[in-house]
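Engineer: Pasting a structure here, questions to come.
The values are calculated or read from the model by the stated rules, or taken from the named source; none is laboratory data. Keep in mind it's a predicted model, so treat the numbers as computed, not measured. When we count neighbours, we look across all protein chains shown, and the Cβ atoms used for this are built from the backbone with ideal geometry, even at glycine.
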Amino acid sequence: MNKNIEHYLFHKENFLDEKYCENCINELNEGPWKKHDWYVNRTDSLELPSGDNEPENIQPDSYSNKVAKINEFIVQELHSIILEYVKSLKFDWFYEWTGYSAIKFIRYYPGQTMQNHCDHIQSLFDGERKGIPILSIIGILNDDYEGGELIMCENKKIDTKKGDLLIFPSNFLYPHYVAPVTKGVRYSYVSWVW
């Protein structure tokens, strides 16, 4: 077992082709976008820790028909990549997963950022669906912006391009954030495997 935590960052280049990413952005721009908020367990409330600098998102419960079709396509494509990641680990004790969440799309305008955090997504589980997030997925839909770098594990900048996908464990060893966008608009999406 490799003890270097960066070993478990899986970067899949060109997961989605450039034309598909451009079409996604055109469809996503029709919305419905709302401010990204954070569930805070200790206060049992939703908060905006970065205030007006929080990005916007489209959550599964507000998908339009066009966004639902984008989600369906990406979710279908994810299965083989998750399997590729799991197989690459060569762990005889970890070879399957139960499912993965619908996509949350995120849009960052200049000045907007995602605070440093680790993924411990409780909202996936409603009592009927049970589990814990084991893998986090971040996909990039464009690269024609400045700033907005994805920083992992305190100081590792992940160089991503349009269509790339990143998979990593959903736990406290993988803090990550998105630096403020300085020019243009950054589009990405996230999902979690359990």
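Engineer: If a residue must be within 18 Å of the chain's Cα centre (by Cα) and not in a loop (DSSP other than H, G, I, E, B), how many such residues does the range 29-52 contain?
Structural biologist: The total comes to 4.
Engineer: Let me ask something else. With the requirement that a residue be touching a residue at least 40 places away in the same chain (Cβ under 8 Å), surrounded by fewer than 18 Cβ atoms within 10 Å (Cβ to Cβ) and aliphatic (A, V, I, L, M), what does the range 132-151 give you?
Structural biologist: Scanning the range 132-151 gives Ile132, Ile134.
Engineer: Something else: Tell me whether the range 126-135 contains one or more residues that are over 13 Å from the mean Cα position of the chain (by Cα), at pLDDT below 90, of a type in the set (Val, Ile, Thr) and over 25 Å from Arg42 (Cα atoms).
Structural biologist: Checked against the condition, which is being over 13 Å from the mean Cα position of the chain (by Cα), at pLDDT below 90, of a type in the set (Val, Ile, Thr) and over 25 Å from Arg42 (Cα atoms), the range 126-135 yields no hits at all.
Engineer: Hey, among the residues in the range 152-178 that are buried (at least 16 other Cβ atoms within 10 Å of the Cβ) and among the aliphatic types (A, V, I, L, M), which one's farthest from Glu13 (Cα to Cα)?
Structural biologist: Looking at the filtered set, the residue picked out is Val178.
Engineer: Conditions: (1) at pLDDT 90 or above; (2) farther than 26 Å from Gly147 by Cβ. Ser45 meets all but one. Number of the miss?
Structural biologist: In the conditions (1) at pLDDT 90 or above; (2) farther than 26 Å from Gly147 by Cβ, Ser45 misses (1) alone.
Engineer: I would also like to ask the following. In the range 57-96, which residues are of a type in the set (D, E, K, R) and more than 26 Å from Asn29 (Cα to Cα)?
Structural biologist: Glu84, Lys87, Lys90, Asp92, Glu96
Engineer: When the range 104-120 is examined, which residues are found to be surrounded by fewer than 16 Cβ atoms within 10 Å (Cβ to Cβ) and hydrophobic (A, V, I, L, M, F, W, C)?
Structural biologist: Of everything in the range 104-120, just one residue is surrounded by fewer than 16 Cβ atoms within 10 Å (Cβ to Cβ) and hydrophobic (A, V, I, L, M, F, W, C), namely Cys118.
Engineer: Select from the range 66-91 the residues that are without any contact (Cβ under 8 Å) to a residue 40 or more places away in the chain, of a type outside the set (A, V, I, L, M, F, W, C), farther than 22 Å from Asn23 by Cα and part of a helix (DSSP H, G or I) and list them in ascending order.
Structural biologist: Matches in the range 66-91: Ser80, Lys87.
Engineer: Would you mind stating whether Glu72 is out of contact with any Pro (no Cβ under 7 Å at 6 or more places or on another chain), modelled with pLDDT under 90 and surrounded by 11 or more Cβ atoms within 10 Å (Cβ to Cβ)?
Structural biologist: no
Engineer: Give the residue that is nearest to the chain's Cα centre (by Cα), with candidates limited to residues of the range 1-28 that are of a type in the set (Asp, Glu) and closer than 21 Å to Leu150 by Cα.
Structural biologist: For the range 1-28, the residue satisfying everything is Glu13.
Engineer: Given the conditions (1) at pLDDT below 95; (2) within 17 Å of Tyr109 (Cα to Cα); (3) not aromatic (Phe, Trp, Tyr), and given that Lys156 satisfies all but one, which numbered condition is not satisfied?
Structural biologist: Looking at each condition in turn, Lys156 falls short on (2).
The rows are residues; the columns are (1) out of contact with any helix residue (DSSP H, G or I) (no Cβ under 8 Å at 6 or more places or on another chain); (2) charged (D, E, K, R).
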{"residue": "Ser101", "(1), (2)": "no, no"}
{"residue": "Arg107", "(1), (2)": "no, yes"}
{"residue": "Pro110", "(1), (2)": "yes, no"}
{"residue": "Ile121", "(1), (2)": "yes, no"}
{"residue": "Ile132", "(1), (2)": "yes, no"}
{"residue": "Ser136", "(1), (2)": "yes, no"}
{"residue": "Tyr145", "(1), (2)": "yes, no"}
{"residue": "Cys153", "(1), (2)": "no, no"}
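Engineer: When only residues in the range 83-108 that are out of contact with any strand residue (DSSP E or B) (no Cβ under 6 Å at 6 or more places or on another chain) and β-branched (Val, Ile, Thr) count, which is nearest to Val185 (Cα to Cα)?
Structural biologist: Among residues in the range 83-108 that are out of contact with any strand residue (DSSP E or B) (no Cβ under 6 Å at 6 or more places or on another chain) and β-branched (Val, Ile, Thr), the one nearest to Val185 (Cα to Cα) is Val86.
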